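Following: one structure in C-alpha cells, then a few remarks.
What follows is calculated from the coordinates using simple rules that are stated; it is not laboratory data. What you see is a predicted model, and the numbers here were worked out from it, not measured in a lab. Don't worry about glycine lacking a Cβ; one is built from the backbone with ideal geometry, like all the others, and counts go over all protein chains shown.
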Amino acid sequence: MAEDKKNPQGPFADWLRVQMNFQARLMDETLRYLRQLQGAVAPVTPGTVLLPERGTELKATTEAGAEFEVALEVHNQQRVHAVAAPVLDPLVSSSGTTWYPEATFTPGFALLAPEESLRIVVRVSAPALLPAGSYVGALSLRGFRHTVFRLTVEVKTNASSSAGRRRRARRARPRRTGKS
C-alpha cells in the first residue's frame with residue numbers, strides 16, 4: 001500500500017491517461033464534424049449559393065474522382081486577435097449542377113494575433129461522377145469581415161473513365177440476330 005502512494009504510475013494513472021487521450025480524440029473528431037456541418041448550413045439559407053463579386057479569385061483544375069489543393073496566406077491587420085475559420089460554400093456550374101464539396105482545412109480553426117500571418121490549405125475531393133465543367137463558388141473566412149474569395153474549379157473528365165464508359169455502353173447495346 002505504501003508503495004502505491006509513492007508510485008504515481010499505478011493503475012489509476014494509466015486509467016487517467018487513457019481517459020484523457022479518449023477525451024482529446026473525441027473533441028478533435030467532434031470539432032471536425034461540426035466544421036463540416038458549418039460549411040453545409042452557414043452563412044446562408046439552404047438552397048442559396050453565395051457567389052462573390054470579382055476580386056480575389058482562386059483557381060484550380062482537377063479531374064472527376066481526384067483531389068486538389070488551394071492554399072492562401074491570411075494576414076491579421078487588425079489591432080486585436082482574429083479568428084480564421086475557413087468554409088467552402090457550394091460550387092455551381094454554368095449548366096446548373098450544384099456541387100457540395102467535401103473539403104478538409106489545415107488548420108480548420110486558428111486564432112491570429114495582430115499582424116500575424118497564417119497559411120491555410122484547403123484539400124478538396126471531386127466526386128467520381130461529377131460532370132465536367134467550370135464550377136464557381138466561395139471560400140469564406142469566418143472571423144475576417146468581408147473576406148470571401150471567389151473559387152473557380154475547372155473539372156475535366158478522366159480520359160480512362162470516359163473510355164471505359166464508352167466500352168460499357170457498346171457492350172450494353174442489343175445485337176440484331178437477323179431474324180425478324
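Summary table
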| quantity | calculated |
| --- | --- |
| TRP15-ALA60 pseudo-label distance in nm [points 7 Å out on the Cα-to-Cβ vector] | 4.7 nm |
| Neighbour-count ranking [beta-carbon atoms within 10 angstrom, fewest first] of TRP15, TRP99 | TRP15, TRP99 |
| Extension reserve of the GLU115-THR157 stretch, reckoned as 0.36 nm per residue once the Cα distance is removed | 10.9 nm |
| Highest-first arrangement of 79-89, 114-124, where packing means the average Cβ count within 10 Å | 79-89, 114-124 |
| Exposure proxy order (Cβ contacts within 10 Å, fewest to most) of PHE144, PHE22 | PHE22, PHE144 |
| Approximate spin-label separation ALA132-ASP28, in nm, with each point projected 7 Å along Cα-to-Cβ | 4.0 nm |
